[in-house]
Amino acid sequence: MTIRAYGKMAQRAVGVGLLLGGALTVSAQHRLTVQTNYYAVTGETAREVRQSLNTARPGGRAARTDALTTWTIRWQSRGNPGSDGWRLSQFSTDTAITITLPLWRMPTNAPTELRAAWGNYSRALVRHELGHADFGRQAAAAVQHKVAALGPEPSADALRQRVRQTVDAVIADYRQRELEYDLRTDHGRKEGATFP
């Protein structure tokens with residue numbers, strides 16, 4: 001059995017397969033890329049900073065939040081015919097997580113209270129966005145786990161469709177969890193991600 005895994009999530013998925021007595025017969029690879037982008041925020045008063053946030057944030061004034069985290073999972077699979085049908089022989093995922101956050105160009109004369117308020121807000125906002133990133137990581141691990149457990153299918157097309165359905169179902173589940181996270185936290189506001 002050849003297993004190549006990159007990243008902690010892939011290693012866990014491979015480890016689970018090995019613990020199941022070698023049930024994992026898929027060459028699995030997982031690549032994870034996390035990128036953080038910043039947009040500039042200016043202002044010398046809380047009101048000016050808020051106005052700058054509203055204008056510069058992802059989506060501009062129409063957006064409802066000051067930060068944005070997106071994640072995508074791309075995947076590839078290959079199957080081989082066997083005596084019991086078509087089985088998955090290779091599966092790889094490429095997960096890309098992008099976090100976009102505000103970066104205040106703090107003036108040297110900014111009041112202490114304003115600096116403290118920004119620091120509290122910024123830390124809470126980062127924590128909330130890392131929560132979104134975790135959904136992407138967890139979804140990738142769940143995809144690896146669910147796909148590794150797939151049994152044989154009668155044809156290559158049936159196997160491809162089964163893999164696609166499995167991946168789509170896992171991603172839909174984690175997207176729903178992420179929506180519930182935002183509802184529960186009011187997009188981080190209940191966690192302190194409010195300014196001013």
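To the nearest 10 degrees, how steeply does helix 112-148 sit against the main Cα axis of the chain, on a 0 to 90 scale?
10 degrees
So how tilted is helix 8-19 from the main axis of the chain? Cα-based, degrees 0 to 90, rounded to 10.
The angle comes out near 30 degrees.
For the chain, set up a GNM with springs between Cα atoms under 10 Å and report which of R64, R87, R127 has the largest fluctuation.
R64
If you stretched the chain out fully between A172 and L130, how much longer would it get, using 0.36 nm times the residue separation minus the C-alpha to C-alpha distance?
Gain on stretching A172 to L130: 13.2 nm.
In percent, how large is the relative contact order of the stretch 31-191, given Cα pairs closer than 8 Å and 6 or more residues apart?
Normalised by residue count, the contact order of the stretch 31-191 is 26 percent.
So for the pair R61, E191, with labels modelled 7 Å out along Cα→Cβ, what separation do we get in nm?
Modelled inter-label distance: 2.9 nm.
What is the pair-distance distribution P(r) of the stretch 13-172, computed from all Cα-Cα distances in 5 Å bins starting at 0, with each bin given as a whole percent?
Values per bin, smallest distances first: 2, 8, 15, 15, 12, 9, 8, 7, 7, 6, 5, 3, 2, 1, 0, 0.
Could you give the distance between the Cα centres of the stretch 119-196 and the stretch 70-102, to the whole Å?
Each part's Cα centre sits 15 Å from the other's.
Every number in this text was worked out from the coordinates using simple rules, so none of it is lab data. All values derive from a computational prediction rather than experimental measurement. With ideal geometry, Cβ positions are generated from the backbone for all residues, glycine too; neighbour counts draw on all protein chains shown.
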